[in-house]
There are 2 protein chains.
Amino acid sequence: MDPSWLDVAIAEARAGLASGGIPIGAALIGPDGEVLGRGHNRRVQDDDPSAHGETAAFRNAGRQRDYRATTMVTTLAPCWYCCGLVRQFGIGAVLVGEARTFHGGHDWLAEHGVRVRVLDDERCVALMTAFVGEHPELWNEDIGIVG
Amino acid sequence: MDPSWLDVAIAEARAGLASGGIPIGAALIGPDGEVLGRGHNRRVQDDDPSAHGETAAFRNAGRQRDYRATTMVTTLAPCWYCCGLVRQFGIGAVLVGEARTFHGGHDWLAEHGVRVRVLDDERCVALMTAFVGEHPELWNEDIGIVG
């Protein structure tokens, strides 16, 4: 897992923020470091509650026959929905930008054999800290927390 | 959980089959039995690996602020991806058409407080048994099994 892969996910998160959305980005990286798919949360832009960063990257990678040698890179610790995606499709590794502002199921993934690395990247922390401070209601909606 | 809600999911599964896809359908049902969203697997039709029956129904229901009184109805036992969706968004109940041809994470959901009911509906079993027999490679792709 190359930490520089996170740059792609951060670029996606920033693009999401610039278009009025929740700043979480992701990329699905292939065995040779190639970007198979990239995307960002689109709840706001598309009124689509199913479009998390990870699911958007997965979707944009198209149909793949074998995910074992792929890595899901995401700016924020994946929620249960996105962890379920990783487990079901056998994605081999997850590279997490930060798990300080949110903690989902990545420990559970590690228990089930997924290689997980958490970087604690300050750029990712700053993106989420600012957004959650300004739009707590949107963030709670995105993770199913009822206020 | 009204067993008749399954009819909506079965209609979706059959519509998916008729358009060349994998016959799994779902519906998100509201507190008063109203259909908030319905959909079917669209891997084949849209070349979209993220479009499972449950995620399609969830997406088509649009943004909801509180899922606790909703029920996800699905023709087939939900995979880990769709179970993660249910857990993250706090969907209160899952009505499963059948868990004979596939077993995902619905026991895990029950352990985490989701009300789960499995009907063992013969129509659902027949749909999946016929499809998996004819297209095993598509089915394996849809649940991330590498042949």
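Identify the single condition in (1) more than 19 Å from B:Gly84 (Cβ to Cβ); (2) exposed (fewer than 14 other Cβ atoms within 10 Å of the Cβ); (3) modelled with pLDDT of 95 or more that A:Gly30 does not satisfy, given that it satisfies every other one.
(2)
Any chance you could count how many residues in region A:15-27 are in contact with a Lys or Arg (Cβ under 9 Å, 6 or more places away or on another chain) and surrounded by fewer than 18 Cβ atoms within 10 Å (Cβ to Cβ)? Please lay out each step first, then the result.
Restricting attention to region A:15-27, the residues satisfying the condition of being in contact with a Lys or Arg (Cβ under 9 Å, 6 or more places away or on another chain) are A:16, A:19, A:21-23, A:25-27.
After this cut, where a residue has to be surrounded by fewer than 18 Cβ atoms within 10 Å (Cβ to Cβ) as well, the list is A:19.
Final tally of qualifying residues: 1.
Could you give every pair whose Cβ atoms fall below 6 Å, whose first residue belongs to region A:38-63 and is touching a residue at least 12 places away in the same chain (Cβ under 8 Å), and whose second residue is open to solvent by 50 Å² or more (accessible area, probe 1.4 Å) and part of a helix (DSSP H, G or I), counting only separations of at least 6 or pairs across chains?
Hits for this filter: A:Gly39/A:Asn60.
List the number of the failed condition for B:Thr75; all other conditions in (1) among the polar types (S, T, N, Q); (2) farther than 20 Å from B:Trp108 by Cα; (3) buried (at least 24 other Cβ atoms within 10 Å of the Cβ) hold.
Of everything listed in (1) among the polar types (S, T, N, Q); (2) farther than 20 Å from B:Trp108 by Cα; (3) buried (at least 24 other Cβ atoms within 10 Å of the Cβ), B:Thr75 misses just condition (2).
Can you tell me which residues in region A:89-99 are open to solvent by 20 Å² or more (accessible area, probe 1.4 Å) and either under 13 Å from A:Thr70 (Cα atoms) or facing chain B (nearest Cβ under 9 Å) (or both)?
Of the residues in region A:89-99, the ones open to solvent by 20 Å² or more (accessible area, probe 1.4 Å) are A:90, A:99.
If the condition is that a residue be open to solvent by 20 Å² or more (accessible area, probe 1.4 Å) and either under 13 Å from A:Thr70 (Cα atoms) or facing chain B (nearest Cβ under 9 Å) (or both), then A:Gly90 is the only one that fits.
Does B:Ala51 fit the bill of being within 12 Å of another protein chain (Cβ to nearest Cβ), of a type in the set (A, V, I, L, M) and within 11 Å of the chain's Cα centre (by Cα)? Explain how you work it out, then say what you get.
Numbers: within 12 Å of another protein chain (Cβ to nearest Cβ): yes; of a type in the set (A, V, I, L, M): yes; within 11 Å of the chain's Cα centre (by Cα): yes.
Criteria met by B:Ala51.
So which residues in region B:80-125 are under 18 Å from B:Ser4 (Cβ atoms) and of a type in the set (D, E, K, R)?
B:Glu98, B:Arg115, B:Arg117, B:Asp120, B:Asp121, B:Glu122, B:Arg123
Out of the residues in region A:42-65 that are touching a Lys or Arg at 6+ places or on another chain (Cβ under 8 Å) and open to solvent by 50 Å² or more (accessible area, probe 1.4 Å), which is nearest to A:Trp139 (Cα to Cα)?
A:Asp47
Which of the residues spanning region A:108-134 are open to solvent by 30 Å² or more (accessible area, probe 1.4 Å) and either within 14 Å of chain B (Cβ to nearest Cβ) or among the polar types (S, T, N, Q) (or both)?
We begin by selecting, within region A:108-134, every residue open to solvent by 30 Å² or more (accessible area, probe 1.4 Å); these are A:110-113, A:115-120, A:122-123, A:126, A:129-130, A:132-134.
A:Glu111, A:His112, A:Gly113, A:Thr129, listed by residue number.
Would region B:121-139 turn up any residue that is in contact with a helix residue (DSSP H, G or I) (Cβ under 6 Å, 6 or more places away or on another chain), in contact (Cβ under 8 Å) with a residue 12 or more places away in the chain and closer than 23 Å to A:Gly92 by Cα?
The answer is yes, given that some residue of region B:121-139 is in contact with a helix residue (DSSP H, G or I) (Cβ under 6 Å, 6 or more places away or on another chain), in contact (Cβ under 8 Å) with a residue 12 or more places away in the chain and closer than 23 Å to A:Gly92 by Cα.
The values are calculated or read from the model by the stated rules, or taken from the named source; none is laboratory data. Please read these numbers as outputs of a predicted model, since none were measured by experiment. Cβ: placed from backbone, ideal geometry, glycine included. Neighbour counts: every protein chain shown. The protein model used for the area step is the full one, side chains on, heavy atoms only, and it has no ligands, DNA or RNA in it. Shrake-Rupley method; radii C 1.70, N 1.55, O 1.52, S 1.80 Å.
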